[in-house]
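Novice: This is the structure I want to talk about, given as structure tokens.
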Amino acid sequence: MSVKIAVVGATGSVGREILVCLAEADIVAADAVVAVASDRSVGSQVSFGEDDDLTVQALTGFDFKGITHAFFAVDSKTAAKEAKKAVEAGAIVIDCSDAFRLEPGVPLVVPGVNDAALGQMKKNIVATPSALAIMLACVLKPLQEHVPIKRVVVSSYQPVSGLGRLAMDELFSQTRGIYVNDQPTKEHFPKQIAFNVIPQVGEFQGDGYTTDEAALAGETRKLVGPDILLTATCVRVPVFIGQAAAVTVEFDSALTATAAREFWRKTPGLSVIDHRTTEGYVTPVESAGDDHVFISRVRDDKSVPHGVSFWCVTDNTRKGGGLNAVQILEGLLKAKGKK
């Protein structure tokens, strides 16, 4: 089939990563890709592979006619409005926002975890999970396939790039300002982010959890298993790229840390780096630009009868963003080719 792709939000960090991954996957040539963004980016250039640049077109009034697949790497409000226009014009939408993640009839997909969900698409929209949910699903699914998971406890360490370029600029300017005794100003974070950590990702709900913490539980159940209980504390940290989480999993029956390592080592896309010595683990900065989810600090949780604790890390804009979206496209095209 002839493929014509629009990348909406092409100038953002996830949009740019989608373009990088598209070019690496060699799915289409540059002339079959349209870069779309807000009015202020119109006319600017974004890279597609090593040799091609795309001129950004305006999302306002953009005609999706002829577009077969549209990536949306924009905020949820924009995605909810514009994605439906793309669908009405005949495109299949792959949305990276949280607009459709828990909507019935919209599959939430992590390739390699729940590929079969693509066959359940009813609205020509596929949702890609949050970066944290992608990482968590990748490490939990191989365990769930062997022993049912009862409960998961997550403490996340999330980079500022999850809020976009302006948030990254704020971390940079605050850090630079502190060194010259300027008072840090905050615009995109509830408190100073430089040299600090903020235990709030999303808005607070009435029960004390934030929207992101609640969404992580819902996404994990949709991706891995409907009966999984999950509690999370999501923390924003002064890191640009690369997210991490400390995770404890409680199982219905016996599963040891040794067995978990072996299941993970046999799973494509996962890398176990766990040497139990100084530097024998992976940190967020080391994950930048890599496709893998790295797992370290694996140990038996001695506080419950059947439990394993571990540390995991991945590049939130690549594995947790652009790569997952492009792999969904590959899955759609593969399924189309089999019909």
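The values are calculated or read from the model by the stated rules, or taken from the named source; none is laboratory data. The structure displayed is predicted, hence computed values, not measured ones. Cβ atoms come from the backbone with ideal geometry, glycine included; neighbour counts cover every protein chain shown. For the accessible areas, the whole protein counts, side chains as well, though only heavy atoms, and no ligand, DNA or RNA atoms are used. Shrake-Rupley method; radii C 1.70, N 1.55, O 1.52, S 1.80 Å.
Novice: Need one value: the accessible area of Met168 in square angstrom, 1.4 angstrom probe, rounded to the nearest 10.
Specialist: Answer for Met168: close to 50 Å² accessible.
Novice: With each label point set 7 Å from Cα along the Cα-Cβ vector, what nm distance links Ile178 and Ser155?
Specialist: The answer from the label model is 2.0 nm.
Novice: Let me ask something additional. Where the centre of each part is set by its Cα atoms, how far does the stretch 150-216 sit from the stretch 243-261, in angstrom?
Specialist: Spelled out, the Cα-based centre of one part sits 27 Å from the other.
Novice: Taking loop as defined by DSSP and a crowding limit of 13 other beta carbons within 10 Å, which trypsin sites (Lys or Arg not before Pro) in the stretch 207-282 fit?
Specialist: On the way: sites: Arg221, Lys222, Arg236, Arg261, Arg265, Lys266, Arg276; in loops: Lys266, Arg276.
Here the trypsin sites (Lys or Arg not before Pro) that fit, given the DSSP loop and packing criteria, are Lys266, Arg276.
Novice: Hey, if you put +1 on the Cβ of every Lys and Arg and -1 on every Asp and Glu Cβ in the chain, which of Val282, Thr267, Gly15 ends up farthest toward the positive end of that dipole?
Specialist: After comparing all options, I get Thr267.
Novice: Let me ask something else about it. Taking 0.36 nm per intervening residue step and subtracting the Cα-Cα distance, what contour gain separates Val42 from Ala58 on full extension? Mind dumping the intermediate values first?
Specialist: Numbers: separation 16, 0.36 × 16 = 5.76 nm, distance 0.55 nm.
Once the chain is fully extended between Val42 and Ala58, it gains 5.2 nm.
Novice: Got a number for the accessible area of Leu163? Probe 1.4 Å, square angstrom, nearest 10.
Specialist: 90
Novice: In the chain, once you exclude exposed GluC sites (Glu not before Pro) (DSSP loop, at most 11 other Cβ within 10 angstrom), what's the longest stretch remaining?
Specialist: Formally, the longest exposed-site-free interval is 51-186.
Novice: I'd like to know which of Asn324, Thr256, His306 lies farthest towards the positive end of the charge dipole of the stretch 222-339, counting +1 on Cβ of Lys and Arg and -1 on Cβ of Asp and Glu.
Specialist: Looking along the dipole axis, the top candidate is Asn324.
Novice: Right, another one. Given the DSSP H assignment, sum -39500 (n - 2.57) over each helix run of at least 4 residues in the chain and divide by its residue total; what's the result at 222 nm in deg cm²/dmol, nearest 500? Intermediate values should be presented prior to the final figure.
Specialist: On the way: 8 runs with 97 residues, N = 339.
The helix-only estimate for the chain comes to -9000 deg cm²/dmol at 222 nm.
Novice: Oh, and also: Averaged per residue, what accessible surface does the stretch 150-273 expose to a 1.4 Å probe, in Å²?
Specialist: On the way: 6340 Å² over 124 residues.
Using a 1.4 Å probe on heavy atoms only, each residue of the stretch 150-273 averages 51 Å².
Novice: Another question about this same structure. Tell me the label-point distance for the pair Val304, Asp115, using the 7 Å Cα-to-Cβ offset, in nm and rounded to one decimal.
Specialist: So the label points at Val304 and Asp115 sit 3.0 nm apart.
Novice: Still on this model: Can you pick out the pairs among Lys141/Lys266; Lys150/Lys222; Lys123/Lys222; Lys266/Lys319; Lys122/Lys319; Lys141/Lys319 whose Cα atoms lie more than 22 Å from each other?
Specialist: Flagged as over cut-off: Lys122/Lys319.
Novice: Any idea what the relative contact order of the chain is, in percent, if you count C-alpha pairs under 8 Å spaced at least 6 apart? List each step's numbers first, then the result.
Specialist: Details: 738 pairs, mean separation 59.7, N = 339.
Reported as a whole number, the value is 18 percent.
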